[in-house]
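Every read-out reported here was derived from the displayed coordinates using simple, explicitly stated rules and does not represent laboratory data. None of the values given here were measured: they were computed from a predicted structure. Using ideal geometry, Cβ is built from the backbone for each residue, glycine included, and neighbour counts are taken over all protein chains shown.
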Amino acid sequence: MSAITTPLAQTPGAWRLPYRGKVGMACLIIAESAIFTIFVVAYLFYAGKSMTGPTPREVLETPIFFTICLLSSSLTIHFAEKFLERGGRGAFLGLWFLTILLGGLFLFGTGREWHRLIYEHGLTISTNLFGTTYYSLVGLHAFHVTVGLIMLSIVFLFGLAGRVGSEQSARVGVLSMYWHFVDAVWVVVFTVVYILGR
Amino acid sequence: MSSDAIAIRAAEIEGRPWVETLHDWITTVDHKRLGILYILFSLLFLVIGGIEATIMRVQLMRPHSDFVPPQVFNRMFTMHGTTMIFFVAMPIVFGFANYLVPLMVGARDMAFPRLNAFSFWLTAFSGILLYFSFVGGSGLYGAGNAPDVGWWAYAPLTSRAFSPGHSSDYWTVAVLVSGFGSIGTATNIIATIFSMRCPGMTLGRMPLMAWLSLVMSGLVLITITPLSAAQIMLLVDRYLGGHFFDTQAGGSAALWMHFFWIFGHPEVYILVIPAFAIASEIIPVFSRKPIFGYPIMVAATVCIGFISMSVWAHHMFTIGMNSTANTFFVLTTMAISVPTGIKIFNWIGTMWGGKIQFKTPMLFCIAFLFQFLIAGLTGIMLGAAPFNWQLSGSYFVVAHFHYVIVGAILFCIFGGFYYWFPKATGRMLDERLGKLHFWLFVIGFHLTFDAMHIPGLLGMPRRIYTYEPGRGWDTWNVIVTIGTFIQGIATLIFVANLIFSYFKGPKAGNDPWDAWTLEWSVSSPPPAYNFATIPTVASRRPLWDKKHPEDPDSRYE
């Protein structure tokens, strides 16, 4: 971006192009959406086709609380970003930490559910088609949450060290795009697994 | 000014040990060097894939041949297909896009130079991983080494029961990793085009190469990823005991086919759109006319991109879909020939009334026009479900898609080599060797792939390692094999030309073809920073404006 600032002064009318980080993240989100679409299609295609139990109706419990946690983390990261833009470092760090906490809670929820399914109901990835599709779809999402949490934590550590200011808000915005995407995917996964799939 | 910079750099390089030069190339994040690395990498694999093809053709030259055993033949066609698609065609189109797009849009580098290097090395390592299967793939069972499941790797062939050992794992992981590399490069190309254009370079003024690379990258994002997802599922099946494609547990082999072809068909367009891009740059310059119908060309390409995502099941007419699905996919397949036809008319419209110069790049592009038309016609034949039921899985199909991949894509890429080699190296490719390469390759190509249609029509199935004499296939197979050798010789002449001209070719200067896009405004080879000052453009042909200030394009656009 800085490379084109010099001729900007000479050209009449501003020459503005979108921030490359945003474009790059948008591309990644498009690519990831295609991956999730294929897993969702596989889940729906195989819904009810398992030849042995347990079935989703028997064992799944709707994780309302943890869903609320994850979805509200989209709000906290949004406001964290806004505070950072205006230079409110303290509020940014607080809300950022809250985002990590809510994401962590969600991941804990997934872990608890998997533990229950494995140890109480004997459902593993190789038990039946439901197990295969359920663990891969939810697991793929949980993997993305984990990656997001790692990146959020790195930013948090940099923030604690005082290295994250309003100059970095565009980059932080790129990460928050990713986090919004992870939340949006959960809305789809939730609908497919816990509503349609039962 | 820029020539001084080159002189200094050349003097610096002369005194340096080769290890340092090598280190520079391996750690480079420069889009031009990475583009060249992509192209060299794919040329290496082109030779390997060509050797595999030759082994198959020698085996099939006469009936009951025992040149290679059936197991080896299966490995050869699997490795040939996988190599040519993932490690020749993809890297070579990425190489061209990498090298040219930043230069054409007036940028100093790609949007994410380090991601660019990362993507290249992912691709390079996945290619090495695939070939490591020859030595490392025997696994615990001593059962086979290289993958032998065909390049579609249909279920249940890839299940543990039918593919013990690790050969299929090498295939899966190599393709998965190369997919990640492709996504990285596609992201980079899109971000470069959206965020790095020089002032005045509006989307409507971009060279068609940039536009078509944009569409190609968009297709990569949406259609390589389903394959990555399917590969992850296959790994879950093979390593974690999943049942995605396990029919005994209720899984579906047809689902893999759908997932594979959702990738597989748009992949053809991922490869052919860059070929269109090369033709759209070369044909105007050698017809001495601006491209005919620029906005229509862009619109047709975007149209092809969208329609290409809805045609995949025309690869699956024989698996027994219902008649609604069959009809839908026949109609979409027919529909995609409309924008493609528009493009052919536009190229002819560009040549119409132009002062055509029959230099080697132009010869390849003219051959491309004819051959791509024939490939499209056999495509329409195969796109009709009843015809497809008759000939699916025969050599007619093999002839058809090689007509696209060799006759259209490879011809354009050869044209691109002759056109941009002077820019990348500073020296012209030898024109006489180039013409020899062209004519030999045309003859070899037509001997091989025209003749290959006939045994297909006579019922010769693909992927058989041998056949009975007296079915009317014998002579045709001899002709096909002879053509293969002629193509091989032509390719060797091409490689010799590359090496000879790199050292001895006449100096090219900045703009040997009197062309109009920004890459010709810088020195050959371009300096590391591309542009000393970022240019400002006012039309689609910035160099025309510069050379003809009395009659600039910007007056009419």
In what sequence, highest mean first, do B:373-383, B:441-451, B:21-31 appear when ranked by Cβ atoms within 10 angstrom? B:441-451, B:373-383, B:21-31
Rounded to the nearest whole number, the Stokes-Einstein translational diffusion coefficient of the stretch B:159-265 at 4 °C and 1.567 mPa s (Kirkwood radius, C-alpha pairs) in µm²/s is 82
Distance cut-off 24 Å, Cα to Cα: go down the list B:Lys343/B:Lys546; B:Lys289/B:Lys343; B:Lys289/B:Lys359; B:Lys355/B:Lys546; B:Lys289/B:Lys507 and report the pairs above it. B:Lys343/B:Lys546; B:Lys289/B:Lys507
Less than 9 Å Cβ to Cβ from B:Gly354, Lys/Arg counted +1 and Asp/Glu -1: what total charge do the surrounding residues give? +3
If you count, for every residue in B:213-223, the Cβ atoms of partner chains within 10 Å of its Cβ, what is the mean? 2
What are the residues whose amide H is under 5 Å from the amide H of B:Ser394, where those residues sit 5 or more places off or on another chain and H is modelled from the backbone? B:Arg462
Helix B:167-195 versus the longest principal axis of chain B: what is the Cα-based angle in degrees, 0 to 90, to the nearest 10? 30
Rounded to 0.05, the calculated FRET efficiency for the beta carbons of B:Ile51 and B:Thr466 at R₀ = 22 Å is 0.65
With only alpha-carbon atoms counted, please give the Rg and Dmax of the stretch A:20-196, in Å. 17.9, 58
Largest to smallest principal axis extent of the C-alpha atoms in the protein assembly as shown, angstrom: 77, 76, 54
Once you place label points 7 Å from the Cα toward the Cβ at A:Phe158 and A:Tyr119, how far apart are they in nm? 3.9
Among B:Ser394, B:Trp420, B:Pro455 the positive-end extreme of the charge dipole of the stretch B:392-463 (Cβ point charges): B:Trp420
Charge dipole (chain B, unit charges on Cβ, about Cα centre) - positive-most of B:Thr21, B:Ser133, B:Pro69: B:Thr21
Tilt relative to chain B, helix B:431-457 - C-alpha long axis, 0 to 90 degrees, to 10: 30
With point charges of +1 on the Cβ of Lys and Arg and -1 on the Cβ of Asp and Glu, referenced to the Cα centre of the stretch A:20-196, which listed residue (A:Leu28, A:Gly162, A:Val59) lies farthest in the positive direction of the dipole? A:Gly162
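Please average, across the residues of B:189-195, the number of beta carbons from any other chain that are within 10 Å of each residue's own beta carbon, and give a whole number.
6
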Which shape class applies to the stretch B:408-557: rounded if a/c is under 1.5, otherwise prolate when a/b exceeds b/c and oblate if not, where a ≥ b ≥ c are the square roots of the Cα gyration tensor eigenvalues? prolate
Determine the dipole magnitude for the stretch B:2-555: charges of +1 sit on the beta-carbon of Lys and Arg, -1 on that of Asp and Glu, nothing else is charged, the reference point is the Cα centre, and the result goes in debye to the nearest 20. 740
The answer for the net charge of residues other than B:Phe368 whose Cβ lies under 13 angstrom from its Cβ, with Lys and Arg +1 and Asp and Glu -1, is 0
According to the square roots a ≥ b ≥ c of the eigenvalues of the Cα gyration tensor, what is the shape class of the stretch A:97-198, taking rounded for a/c under 1.5, prolate for a/b larger than b/c otherwise, and oblate for the remainder? prolate
Calculate, for B:Ala384 and B:His64, the FRET efficiency according to 1/(1 + (r/R0)^6) with r their C-beta to C-beta distance and R0 22 Å; round to the nearest 0.05. 0.05
For labels at B:Arg114 and B:Val29 in the simple 7 Å Cα→Cβ model, what's the distance in nm? 0.5
Pairwise FRET efficiency - A:Val147 versus A:Glu85, Cβ, R0 = 25 Å, nearest 0.05: 0.55
Ranked from highest to lowest mean number of other Cβ atoms within 10 Å per residue, what is the order of the peptides B:413-422, B:513-522? B:413-422, B:513-522
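Which value, in debye to the nearest 20, gives the size of the charge dipole of the protein assembly as shown about its Cα centre, when Lys and Arg are +1 and Asp and Glu are -1 at the Cβ? Numbers along the way, then the final one.
On the way: 45 positive and 37 negative charges, 173 e Å.
In debye, rounded to 20, the protein assembly as shown gives about 840.
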When the helix-only estimate is applied to the protein assembly as shown (DSSP H runs of n ≥ 4, each -39,500 (n - 2.57), divided by the residue count), what is the mean residue ellipticity at 222 nm, nearest 500 deg cm²/dmol? -23500 deg cm²/dmol
Below 8 Å, C-alpha to C-alpha, sequence gap of six or more: please give me the relative contact order for the stretch B:254-340 in percent. 39
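Can you check what the net charge comes to around B:Ser133, using other residues whose Cβ is under 11 Å from the Cβ of B:Ser133 (Lys, Arg +1; Asp, Glu -1)?
Net local charge, B:Ser133 excluded: -1.
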Counting sequence-distant residues (5 or more places) and residues on other chains, those with an amide H built under 5 Å from that of B:Arg427 are B:Ala508
Added length on full extension, which subtracts the Cα-Cα distance from 0.36 nm per residue, B:Ala325 to B:Asp551: 75.9 nm
Once you have the Cα-Cα distance between B:Leu458 and B:Ile482, take 0.36 nm times their residue separation minus that, and quote the gain in nm to one decimal. 6.7 nm
Take the Cα atoms of chain B, find their three principal axes, and give me the spread along each one in whole Å, biggest first. 72, 53, 42
Pairs of Cα atoms under 8 Å, at least six residues apart: use those to get the relative contact order of the stretch B:2-555, whole percent. 16
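Remind me, relative contact order of the stretch A:20-196 in percent, using alpha carbon pairs under 8 angstrom and six or more residues apart?
34
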Which whole number gives the average, over all residues in A:17-29, of C-beta atoms from other chains lying within 10 Å of the residue C-beta? 6
Spelling it out for A:Gly53: with amide H atoms placed in the peptide plane at 1.01 Å from N, the residues 5 or more places away or on another chain with amide H under 5 Å from its amide H are none
To the nearest 20 Debye, how big is the dipole of the stretch A:20-196 about its Cα centre, given +1 on the beta carbon of each Lys and Arg and -1 on that of each Asp and Glu? 380
How would the stretch B:335-375 be classified by its alpha-carbon gyration tensor: rounded, prolate or oblate, with rounded meaning a/c under 1.5 and the a/b versus b/c comparison settling the rest? oblate
